[in-house]
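J.: Could you have a look at this structure, given as structure tokens, before my questions?
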Amino acid sequence: MWVSESVNDLRQRRRAIDQPVALVPTMGALHAGHVALLEHAKRLGGAVIASIFVNPTQFGPGEDFERYPRPLEDDLAVCEQAGADGVFAPQPDEVYLPNESTLNIDLPTLTGDLEGAHRPGHFQGVCLVVAKLFNMVQPDAAVFGRKDYQQLKVIEAMTAALAMPIAIVAHPTVREPDGLALSSRNAYLNDEQRGHALGLYKALSAARELIETEGENDPAAVESAMTQVMTAHHVEVDYAAVRHPHSLARLDCIEPNLTGGIAALVAGRVGDVRLIDNLTLGGGAS
Ligand code: AMP
């Protein structure tokens, strides 16, 4: 497995590959969720390139950019074990030019709410770095986790709007046996907080019960139930929302057979650790 730290070296490596390339973009601190994405990319049949880059432009002031874990040696071993052919692991000055002009790629109808409302500028940073990574790596496909559901929708929309010739492949969320979604940020949690963090999945499970078993069709009722469950688990709630699965628009009424299901999305803080999770619910869920 090769490792490139520069765009020039990456381009040479890329030119030498004569089969389709699947990219798995990550910020490192790799866990079994990332491994599942890499293995899925491998099953697409071509070469797999992982990127490991903690992208400064998607972190807001006061967020955890500085303390975000960067165990590069371990991450490279994980990539190799998962079958990656190469890893692109640049430093920020390889991705961002000195005094680079601000390029604002935004899809405001998708980014104005939920994560976008709580993390101003986050999705502009995500769009910018993913567009750059796509141009640097020139993949045929890119694999993203449903764990970051709004990000997945934003990337799908950006790729389509810019006519990028890249298939966006979604992978289901990988969870601990008790349901907690794997996240690099789980490493920040102490034992008590780990228990509290389960409140996010419990809230989503309550939404599933309400929608799929009890036939609840009022979004506000489901949202308030999710909020209650998170609060009972000492999670400081940022949002608990039921949305259209593609547009992320608010719903007047939950139609249980809506094609693509209903997106239930939650975010909250356990201590100073911010966590997100989501499930797609309803008879039409895919
Ligand atoms: P990150 O390193 O957190 O930026 O995530 C890199 C990619 O891994 C993104 O596409 C995430 O959605 C995906 N990912 C993170 N956690 C999980 C998980 N628990 N299950 C599936 N995909 C995940």
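J.: Going through K153, K147 one at a time, which residue ends up being of a type in the set (D, E, K, R) and more than 9 Å from the ligand (Cβ to nearest atom)? Before the answer, list the steps.
T.: Numbers: K147 fails: more than 9 Å from the ligand (Cβ to nearest atom).
Of K153, K147, the one residue that is of a type in the set (D, E, K, R) and more than 9 Å from the ligand (Cβ to nearest atom) is K153.
J.: Another question about this same structure. Taking region 164-186 as the search range and keeping residues that are outside any loop (DSSP other than H, G, I, E, B) and under 24 Å from H246 (Cα atoms), which one is farthest from the ligand (Cβ to nearest atom)?
T.: That would be A167.
J.: Taking L103 as meeting all but one of (1) closer than 30 Å to P245 by Cβ; (2) open to solvent by less than 50 Å² (accessible area, probe 1.4 Å); (3) touching a helix residue (DSSP H, G or I) at 6+ places or on another chain (Cβ under 7 Å), write down the number of the exception.
T.: Status for L103: all satisfied but (2).
The values are calculated or read from the model by the stated rules, or taken from the named source; none is laboratory data. If you're wondering where the values come from, they're calculated on a predicted model, not measured in any experiment. Here Cβ is always computed from backbone atoms with ideal geometry, including for glycine, and neighbour counts include all displayed protein chains. The accessibility values were calculated without ligands, DNA or RNA, using every heavy atom of the protein model including side chains. Shrake-Rupley method; radii C 1.70, N 1.55, O 1.52, S 1.80 Å.
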